[in-house]
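First the structure, in the form of structure tokens, and then the observations on it.
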Amino acid sequence: MPGGVNSPVRAFKSVGGQPIFMDSVKGSHMWDIDGNEYIDYVGSWGPAIIGHADDEVLEALAETMKKGTSFGSPCLLESVLAEMVISAVPSIEMVRFVNSGTEACMGVLRLARTFTGREKLIKFEGCYHGHADPFLVKAGSGVATLGLPDSPGVPKATTSGTLTAPYNDIAAVESLFNSNEGEIAAIILEPAVGNSGFITPKPDFLEAIRRLTKENGALLIFDEVMTGFRLSYGGAQEYFGITPDLTTLGKVIGGGLPVGAYGGRREIMEMVAPAGPMYQAGTLSGNPLAMTAGIQTLKRLKAPGTYEYLDRITRELVQGILNAGKKTGHAICGGHIRGMFGFFFTEGPVHNFDDAKKSDAAKFVRFYQGMLREGVYFAPSQFEAGFTSLAHSPEDIQKTVAAAENVLSKI
């Protein structure tokens, strides 16, 4: 396997040493193949919002597997999860399930171009929308982690219509619309960034983006693969009160199984085959296992107090780490929204990818390795958000903060 892994960030290239091979997970904890235990803040990169290997999810999956793992035809579970997603997410009137966030973003871009009859796209520096060719321009996630330039093997023709602007920079977006009048199909963005570390929008940024797209006849796409059902039950768009035209989802809606989705206004979604001319298909799309895990996860998230609990424990975690950093003399900043968080070894504030790159990467490596030795598993990259879950206990948070203070006092 290239680099010994099946997804680049897992290889530990930016933090040194060999990647840890995990053997099992349960709740908020992981165990590696040598028997070491860790408090986990990666959460399978976001899906494990109710905790790993949840008993109710596993029981439901066991029952579903008795009927088969993939039908290759419609099944009732697809309709059940579709209704749950449509009722939860403000922008979604129709939804198409796929198998990954990358696939969802590929489909939604093709759809935006079909609906508008335009080709150009605005994305933001450091935002990651999967590894499809048009998006590998100033991308975040593993591209940022490994310090790669725009990926080789991507023909210039496929990225010639991709325009970029710094996140949180309205003037730059206005300039792009002015210089490409009538040519821009859509803006796609992470409403709260998770692939350059965790970066939140400035007040009125999302509202201004919404206004600009309407004024210029372009569509607004929220990539909520990370933020969907994590910042609130209705995602970032419910949390911030801004409704896009189209939305991509993944991670949480599959409850730990491979999944993705895109959806939006009915008039736009009816252009997707077989209802309309825009073709997109998938062998395992809507498979009963992913649908089952998603249904059970969303049921749990709908319970009263869910997001209040995530907000409370994540605030305690982030504030504890920031206080420990300042107490031990380190430049550090960070923040959270509900069950998503991040921090940087810089005074901040961090409003975009260029700001994020000012973080002390060498210090992060020492911090990361120290936390591993303390039994705490963060994402092995400065440029990835962290995630908490309903399974994280106050004791988990206290142990993590104590470990952080111990590590920070030694680096």
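The values are calculated or read from the model by the stated rules, or taken from the named source; none is laboratory data. Here the structure is a predicted model, which is why all the values come from computation and not from measurement. Here the Cβ is made from the backbone with ideal geometry for all residues, glycine too, and neighbour counts use every protein chain on show. Heads up: the accessible areas ignore ligands, DNA and RNA and are worked out on the full protein's heavy atoms, side chains in. Shrake-Rupley method; radii C 1.70, N 1.55, O 1.52, S 1.80 Å.
Summary of computed values
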quantity	calculated
When the chain is reduced to its Cα atoms, the Kirkwood hydrodynamic radius in Å	21.6 Å
Length-normalised contact order of the chain in % [C-alpha pairs under 8 Å, at least 6 apart]	24 percent
Computed [θ] at 222 nm, helices only, for the chain once each DSSP H run of length n ≥ 4 contributes -39500 (n - 2.57)	-10500 deg cm²/dmol
Cross-link pairs K13/K302; K26/K358; K13/K399; K67/K251 - those with Cα-Cα distance over 31 Å	K13/K302; K26/K358
Convex hull per residue volume in Å³, alpha carbons only, for segment 171-263	103 Å³
Carbon + sulfur, % of accessible area of the chain - ligands and nucleic acids excluded, 1.4 Å	52 percent
1.4 Å probe accessible area per residue over the chain, in Å²	41 Å²
If the convex hull is drawn through the Cα atoms of segment 63-103, its volume per residue in Å³	103 Å³
Fraction of beta bridges assigned by DSSP in segment 55-302 that are antiparallel (%, nearest 5)	40 percent
Highest-MSF residue in the chain out of G107, G161, G260 [GNM, Cα springs under 10 Å]	G161
Ordering of 373-381, 177-185, 61-69 by packing [mean C-beta count within 10 Å, highest first]	373-381, 177-185, 61-69
